[in-house]
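A short worksheet on the structure shown next.
Any read-out appearing in this document is the output of simple, stated calculations on the displayed coordinates, not a laboratory observation. Not measured: the values here are computed from a predicted model. Glycine also receives a Cβ, built like all others from the backbone with ideal geometry; neighbour counts cover every protein chain displayed.
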DNA sequence: CTTGACCTTCTCACTGATGTGAGACTTTAG
DNA sequence: CTAAAGTCTCACATCAGTGAGAAGGTCAAG
């Protein structure tokens, strides 16, 4: 599969897929003419990458994770990767904190919106 | 209050406070020697800015919001600011989506951790 | 074979929030 | 007065991501 097809199937910009390669997240092979050739499993990998990035993990950590993972479907972590588990636990805590904070922000926004709408309907 | 004191009280880097001024989020006055002089209420304002930034709103939008707000404690929005309400509603939706995605990421991380710990305890 | 549509390559330059450091000036403590 | 601490501006770095441009590859239709 070439880059355009992968971009289309994952919804991720081609430019970004090249960036992920540059960061060591993806390792497509090359055709004779230099075109990147992606494996079917890269579709799933890109999905994982997006999820982890959305969770706020830096690419360097994601690279490490991906190296510890046989992405045979969903079975994971055959390699030892010491320290990684502790790191992941910390990330987990961080995500929890982020969610809590986002909920607070949303609450603040709710209040703001309630006030704003009160204003707006009171003098349209 | 000078910038160091505000930084200390809010936990926000001085550099960042200057950046917020550059972006129009804060408008400290200047002393004769050029030092920034912050008002007591700026402590609360910085808190609001951090919450909104954490929610993913860009500084430009936050500037707009702050201009529509008499920060008399917590009472808000005396100015009309048309279009802002719709914008805020969209941001609200976006935050909801982000929270959902983060929860999914956390779930994925849980699975990863469970597998990892299973591996780790099986062959220590 | 030529043309045109489309795909891919690489490189340079930028964003936005934040970090960091340098060099100059001011204020404060001893 | 001197030293330390605080502040100023300016500039460059980061990190995920975006955009544009120039060059070349691929393929089907004429």
Could you quickly flag the chain B residue whose beta carbon comes closest to the rotation axis taking B to A, and that distance in whole angstrom?
B:99, 3
Between the label point of residue B:104 and that of the same position in each other copy, find the distances and list them shortest first in nm, with every label point placed 7 Å from Cα along the Cα-to-C-beta direction.
2.6
Mean per-residue count of partner chain Cβ within 10 Å for B:55-64 equals 1
Which FRET efficiency value, to the nearest 0.05, is calculated for residue A:40 and residue A:87 with the Förster distance at 30 angstrom and r the Cβ-Cβ distance?
0.55
Report, please, the projected area of the range B:1-79 averaged over directions, based on the convex hull of its C-alpha atoms, in nm².
5.2
How many nanometers, to one decimal and shortest first, lie between the label point of residue A:13 and those of its other copies, if labels sit 7 Å from Cα toward Cβ?
2.4
